[in-house]
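Scroll down for the structure; my scribbles are underneath it.
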Amino acid sequence: SLAFTKLFDSTYQWPNMSAYEEALGRLQGRVDAAPQSSSLLVACYAIDDFGALAGGKFEQAALAQIHRLVQGHKDFAGHDLFVAYESPGRIWLALSSGPIIRTGITLLQDLQTRINESGSIPSHRVDLDVHVSVSFGYATHQVDAISLSELMAACRDRLEKDFSLRNSLDPSQLLPVDI
């Protein structure tokens, strides 16, 4: 019970960031031992435009939809994958891929496209579809060259860049202009 409480989110029962860091540490060790045959990619999918995320009625449905799309992604077959949740609205992946890193990055970008194209959730109460879309950031682990915190920081930096590109008309992204 104590181990479960420590490693899982209390509301959703999904692995939390403590569990994610443990999984990343183990995957890093495996990659460091055999860099010629495997690589490690860290990815973060952050929900962009889901208005009900901050405590709204559909928050759990939105997150569950993304979890389902991630875990059911057919191209992850044959890869080691760990998925965790960071509040509010961030889903982290650790993907142990092959030696060609760009193949894994393409796979993660394809997943973003899939989430953004099929991420609507039918709401039976109001007869509307609630659309969910995500921004995406990633980082790659190279043998003993980068710490866990640096790896996740690089991923967050890419996530911010992706958000800025995808939401260029968001008022918070605009500079003040004198008229």
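The values are calculated or read from the model by the stated rules, or taken from the named source; none is laboratory data. As the structure is a computational prediction, the values presented were derived from the model and not from experiment. Because the Cβ atoms are built from the backbone with ideal geometry, glycine has one as well, and the counts that use them run over all protein chains shown. Surface areas here come from the heavy atoms of the whole protein model, side chains and all, with no ligands, DNA or RNA. Shrake-Rupley method; radii C 1.70, N 1.55, O 1.52, S 1.80 Å.
What the table shows:
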{"read-out": "Which listed residue is closer than 17 Å to C155 by Cα, surrounded by fewer than 19 Cβ atoms within 10 Å (Cβ to Cβ), modelled with pLDDT under 90 and not polar (S, T, N, Q), from R114, R102, R68, R90", "value": "R102"}
{"read-out": "Among the residues listed as V177, V143, the single one being touching a Pro at 6+ places or on another chain (Cβ under 8 Å) and either open to solvent by less than 80 Å² (accessible area, probe 1.4 Å) or at pLDDT below 70 (or both)", "value": "V143"}
{"read-out": "Qualifying residues in segment 24-60 (those that are open to solvent by less than 40 Å² (accessible area, probe 1.4 Å) and modelled with pLDDT under 80) - the one farthest from G104 (Cα to Cα)", "value": "G56"}
{"read-out": "Matching residues, segment 75-109, being within 21 Å of W14 (Cβ to Cβ) and part of a helix (DSSP H, G or I)", "value": "F76, L108"}
{"read-out": "Selected residue (criterion: nearest to S39 (Cα to Cα)) from residues of segment 157-169 that are open to solvent by less than 80 Å² (accessible area, probe 1.4 Å) and at pLDDT 80 or above", "value": "L159"}
{"read-out": "All positions within segment 5-51 that are more than 18 Å from V83 (Cα to Cα), in a helix (DSSP H, G or I) and of a type in the set (D, E, K, R)", "value": "D32"}
